[in-house]
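Read the structure below first, then the notes.
The values are calculated or read from the model by the stated rules, or taken from the named source; none is laboratory data. Please read these numbers as outputs of a predicted model, since none were measured by experiment. Positions of Cβ are generated from backbone atoms using ideal geometry, with glycine treated the same way; all protein chains shown enter the neighbour counts. Just so you know, the surface numbers come from the protein's heavy atoms only, side chains and all, with ligands and any DNA or RNA stripped out. Shrake-Rupley method; radii C 1.70, N 1.55, O 1.52, S 1.80 Å.
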Amino acid sequence: MKRGLRRHLRELAILAVLLSALVVGTVQWGWLDRVDFWLYDTTVTLSSRPVPHDILILSIDEDSLSRWGRWPWSRRVLGNALNRLTEAGAGPVLLDVIFSGAQRDDPEADVQLAAAMQRHGRVVLPMFMADGQDEAVLPEPALVAAARLGHSQALVDSDGVSRRYMAQEFANGVAYPHVAQVLRDLFQPQDKKAVVPGGARLAPFAGPPGHFERRSFTALMEGRVPAKDIEGRIVLVGATATGLGDNLITPLAGTNGTMPGVEFIANVLDGLLHHLAPKPLGGVARLALSLLFLWGLLLLLLVTSPRVALLTTATACVGVALASGALLKWGGIWIPPAAPIAAMALAYPLWSWRRLEASLSALTRETVRIATLSEVGRARSLATRGGGFFDPVESRIHAITHAVDNIAAALTTDGSTPEARQHREDMMRHLAHDLRSPLLSLRSLADNLRGDRAEDQTQMLARVDACARRALDLSEQFLLMGRADALNPASFAEVDLVQILHQSADDLWEDANTQGARIVRRCALDCAPVHGDARLLQRVLLNLGWNALRHGPRTGTVTLSLDATPQGYLLAVHDQGSGFESSALGNLSQRYAQGQAASAGHGLGLALVQQVADKHQIDVSTDHPSHGGFQVHLQWRSAHAIR
């Protein structure tokens, strides 16, 4: 047992190392980033927030282009709009427009716009950095002098989706914060919590495109936006018309199309105002947590059955995904779960494969030992084969079946000589002791793997279970016959036949239910005490019940009854089959005799019934009642009943 445990621990350690390397590679090189992106986007889609009242988008939309002409407009128009916002008492204003040079056709327009910006006092302009360049493209100096600067660029991930932004961009040695941070500082100068350090940050999306309140630029210029709708609010002036400005693919793009760049800024600003910016878990902490999940599952796989292991693995994978989403939605922390989920999903089939191989190897080894004990050369040669080319598992099952059949055949030889009797007793002892453990393991494995294998493996697993079932039944019969041989009536204890009847009926129910039969119990007695061996008496009743289910109609009824007669207690098992004649009872009570050649069994069931009946001085008889069917009687002699 210690050797087997050491082997299991060694294989578990190797599996842990391989899967840990997979986790490290996934975290380090982003092999499953697209899976993490999908989980993140799904969570973000389900995590919308109410429309914030302190942010207003003044959109340069299709109506505005129709009214004021093609872009770019004269900067006088923007200056006039800014004056209207100032008169309405607007808070900080972002002009999300790149003023990369002077307006050549109207130089005074820049002066007018700069004056409007100076009059308002809290205007923010974006600077621009071309891809791959470290130099910033700044607005006109007159405009720079009247405004605060920041960058407005969004980062694009490997799948083409914008989820992040840089808290700061550096150009010519100067740090430019994101325009949302500049707006927040102007709107809440006293709030020091919202200072964001440099580096990439996740954008806290409040909702799909169109989630923030929008008013048309034309509506403002025509006086259709009341001052109360502007007063005290942060106003973001930017393009929303199709084909104008930057339109970003975001995690919410599938809901309502691409998102205008100005609305991306609004999402970042809302997160900063309300301290909602998601925080991704750092690389080292993420790796440690992923390995902790994996190692915890591997330890559980070591001590659980295959069925429990499957449920545990599925629960762990789903649980990690749900926990990651919940932590992002309600805790503001993002832990990418794809790496630990992939490793845990691989752990179960790999570990199950190793357990299956170990079980089959142990079963083959034990079959060789059993075949050697029976001295049946053919069985030994079959058991030692390594398996066929196409299906080695099927070949091992075939070898085990032949070994059990040949051992049973060997036991039917004449045992009249002392040597033969001693050989048979030794074999029975070895079978009873050595055959049970590996076959119990095989049955458990087949039962638990039946739900895990593909459809074409179901028949093979059923044959594994049937083979183990047959061998276990043979081993149990041998064990009980040996116990009955050594039974001493002086050691009998008081047992209750009523309790034995009900317990046997409960044990027979599952087999009966499998083939559509019914188990009926008929007993009017409260108790029926006798002297005897409870385990053997219950096995006698079970053997008779199993025979009734096996040889009776498949959907018939098997009745267990107990009555008190003047001669003693009468226990009977009735089925709706044809049974056999009373004259055949003596022959069928011999070991390895079978009533029907086609039926499954070893010919030991009635032999055990007769052996236990002789020890307990019970008369066994059969008859065919007038109402039909077949019935076996166990009549206790009154001298052995407890009154």
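For the residues LYS615, LYS228, a 1.4 Å probe over the protein chains yields an accessible-area ranking, largest first, of LYS228, LYS615.
Excluding GLU140 itself, calculate the net charge of residues whose Cβ lies under 12 Å from the Cβ of GLU140, where each Lys or Arg counts +1 and each Asp or Glu counts -1.
Taking every Cβ under 12 Å from that of GLU140, the sum is +1.
The order of the peptides 209-222, 534-547 by mean Cβ neighbours within 10 Å, most packed first, is 534-547, 209-222. Computed extension gain for VAL284 through ARG365, at 0.36 nm per residue and net of the alpha carbon distance, reaches 24.5 nm. The simple spin-label model puts a point 7 Å past each Cα toward its Cβ; for GLU510 and GLU108 those points are separated by 9.8 nm.
Net charge in the neighbourhood of GLY283 (other residues with Cβ under 14 Å of its Cβ; Lys, Arg +1, Asp, Glu -1) is 0.
Amide H contacts under 5 Å for GLY150: LEU125, MET127, restricted to partners 5 or more places along the chain or on a different chain, H placed in the peptide plane at 1.01 Å from N.
How would you order 562-575, 84-97 from highest to lowest mean count of nearby Cβ atoms within 10 Å? Before the final figure, lay out each step's value.
Working: 562-575: 18.1, 84-97: 20.8.
For the peptides 562-575, 84-97, the packing ranking is 84-97, 562-575.
Put simply, the amide H of ARG521, placed in the peptide plane, has neighbours under 5 Å in LEU560, leaving out anything fewer than 5 places away on its chain. When you count the other C-beta atoms within 10 angstrom of each residue and take the mean per peptide, 49-55, 627-633 line up highest first as 627-633, 49-55. What the phi angles of the range 219-235 give under the Karplus curve with 6.51, -1.76 and 1.60, with θ = phi - 60°, is a coupling list of 4, 5, 5, 8, x, 8, 10, x, 4, 5, 7, 10, 4, x, 9, 6, 10 Hz, glycine and proline written as x. Taking amide H as placed 1.01 Å from N in the peptide plane, GLU140 has its amide H under 5 Å from the amide H of GLY101, each at least 5 places away in sequence or on another chain. Between ILE14 and ALA314, the C-beta separation translates, for a Förster distance of 22 Å, into a calculated FRET efficiency of about 0.40.
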